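A short write-up of the structure that comes next.
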Amino acid sequence: MTQTNSGSFSLTNNRTGESWDLPVIDGSVGPSVIDVRRLYGQTGHFTYDPGFTSTGSCESGLTYIDGETGVLLHRGYPIEDLAEHSHFLEVAYLLLYGDLPNREQSDEFVNTITYHTMVHEQITTFFRGFRRDAHPMAIMCGVVGALSAFYHDSTDITDPHARTVASHRLVAKMPTIAAMAFKYSLGQPFNYPQNRLTYAENFLHMLFAVPTQTYEMSPVLARAMDRLLILHADHEQNASTSTVRLAGSSGANPFACIAAGIASLWGPAHGGANEAVLNMLNEIGNRDRIGEFVKRAKDPDDPFRMMGFGHRVYKNHDPRARVLMQSCHEVLEALGVEDPLLDLAMELERIALEDEYFVQRNLYPNVDFYSGIILKAMGLPTSMFTVLFAVARTTGWIAQWKEMTEDPTQKIGRPRQLYTGPDRRAFRPLADRG
Ligand code: CMC
């Protein structure tokens, strides 16, 4: 616990004149919070914050975001430094264990994750129950949820060793399951993981290798994949992470909780946005039609939103988007891809950033704006984009789940509501209902 109390916040009921002092708690950096845990007991009122725009739901030491200045830190380390100098498994260790590993810890962790990458052979038969045209995110929800039926020995959340093994299994097996979902959709054989490869290389190998020829590993693609994984590893209390925590707060096992996170991530306002960006760019089609879509995005009567723009927390550039923009150019150059969609994306970015509507609302390109273009260049279909996000975010989800489960003050999450339905009324038999 690093929190300290610093004074209080006064709350007055203008109707009755009563007032209460609410404690203010400071974190290590960033805004303080008003502690409302006793509010209902003292005042008989709940707070009302649908969408949780002003609500801190937990205490956490993993990730800090300053949305006003565009800062993202994992355990204090800026995301730009991690993306430049680290690699995904080191970031996973950092998130799970609180600090960067020394050489010995790093070797041991990499070895452990590497030797957990295979999935139970019976999972391959489980896959065959899905339709070939199933969306890979639907498969991910099902298969990851089913892991609790395959790995009973790591579902006892009261056992610290079981919690650690479950976290290692999840980080290790997600790329294998994701690649199997992709191969299944193509009708190609599954690839077993290769222990000689790094995490990112192994993922690329399982996604793209075929038994009939040797897969040539591109260092540029491996680096870009590693960066994508680092940049998506954790992002504080977003919708899917909050979902994992809420599911876990009841004592549900970690595999079930991560499956809940995958379901939440799937939505187009969250992880599904990178898929939505590509669909939108395809729909726009060419530069001449950008104006028409910008106009639609600004029309309050049109539900259309410019996908890949805006963020609940960042009201400045998304620092992950800056790193990915560079990766995006590297990948396209290395692959020699002349992608008209990239030109379209760059033009859209330019126009939107100069448009008063976007400027006034601080709607900058977010991480999904660029990740979709990179993944497309790598050869992945749009339906796999959110799957990749899920592979990376599993590290953050499970680290957040562990942090919550190991917090002795943890309680089941149980929000209340502002009820606006009918008051008590008498039941009317069917015959009397007109
Ligand atoms: N296009 C057009 N207008 C927008 C957009 C957009 N993408 N995003 C926000 N606005 C407008 C919105 O209409 C509102 O305008 P007004 O004040 O006139 O009513 C204003 O900006 C504030 O929007 P909001 O809905 O209150 O903002 P929010 O914080 O609830 O929404 C968001 C955040 C990410 C859901 C939203 O910006 C959005 O839908 N973006 C497109 C989807 C997307 O790219 N999502 C990926 C998010 S980053 C990855 C992740 O963390 O999951």
Query raised in the report: Over the chain, what relative contact order in percent results from Cα pairs under 8 Å that are six or more residues apart?
Result: 19
Query - Share of alpha-carbon pairs per 10 Å distance bin for the chain, given as whole % - result: 4, 19, 29, 25, 15, 6, 2, 0
Query - the stretch 140-285: relative contact order in percent, alpha carbon pairs under 8 Å with at least 6 residues between - result: 28
Query - Overall form of the stretch 261-301 per C-alpha gyration tensor (a/c, 1.5; a/b vs b/c) - result: oblate
Query raised in the report: Which percent of the Cα-Cα distances in the stretch 1-83 go past 16 Å?
Result: 63
Report summary line: Any residue on another chain or 5+ positions along whose placed amide H is under 5 Å from the amide H of Arg361 is listed here as none
Report task. Would you mind finding the longest exposed-site-free stretch of the chain, with exposed GluC sites (Glu not before Pro) meaning DSSP loop and at most 13 other Cβ atoms within 10 Å? Result -> 217-337
Query - the stretch 241-341: relative contact order in percent, alpha carbon pairs under 8 Å with at least 6 residues between - result: 18
Query - For Ser8, residues with placed amide H under 5 Å, excluding near neighbours - result: Val24
Report task. Could you pull out every one of the lysines with an alpha carbon less than 21 Å from that of Lys298, ignoring same-chain neighbours closer than 8 positions? Result -> Lys315
Query raised in the report: So which aspartates and glutamates pass the test for Lys402, namely a Cα distance under 18 Å, with those fewer than 8 places away in the same chain ruled out?
Result: Glu59, Glu90, Asp99, Asp153, Asp156, Asp159, Asp234, Glu236
**Report entry** Charged-residue dipole, Cβ positions (Lys, Arg, Asp, Glu), the chain about Cα centre, Debye nearest 20
**Finding:** 1620
Report task. Could you go through the stretch 314-323 in sequence order and give the Karplus-derived ³J(HN,Hα) for each residue, using 6.51 cos²θ - 1.76 cosθ + 1.60 with θ = phi - 60°, rounded to whole Hz, and x for Gly and Pro? Result -> 6, 10, 8, 4, 6, x, 5, 5, 4, 5
Requested in this report: Would you give the gap between the C-alpha center of the stretch 87-146 and the C-alpha center of the stretch 393-434, rounded to a whole Å?
Outcome: 30
Query raised in the report: Expressed as a whole number of Å, what is the distance separating the alpha-carbon centroids of the stretch 164-223 and the stretch 10-39?
Result: 50
Query - Cα gyration tensor of the stretch 172-272 - equivalent ellipsoid semi-axes, whole Å, descending - result: 29, 16, 12
Query raised in the report: Is the stretch 327-399 best put as rounded, prolate or oblate by its Cα gyration tensor, with a ≥ b ≥ c the root eigenvalues, rounded for a/c under 1.5, and otherwise prolate when a/b is larger than b/c, oblate when not?
Result: oblate
Query raised in the report: If you take the square roots of the eigenvalues of the alpha-carbon gyration tensor of the stretch 81-233 and sort them as a ≥ b ≥ c, do you get rounded (a/c under 1.5), prolate (a/b over b/c) or oblate?
Result: oblate
Report summary line: Partner lysines whose C-alpha sits under 26 Å from that of Lys376, ignoring same-chain residues fewer than 8 away, are Lys173, Lys183
Query raised in the report: Which value, in debye to the nearest 20, gives the size of the charge dipole of the stretch 288-434 about its Cα centre, when Lys and Arg are +1 and Asp and Glu are -1 at the Cβ?
Result: 1260
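No lab work stands behind these numbers, since they all come straight from the coordinates. On a predicted model such as this, the values are computed, not experimentally measured, just so you know. Cβ coordinates were reconstructed from backbone atoms using ideal geometry, including for glycine residues, and neighbour counts include every protein chain displayed.
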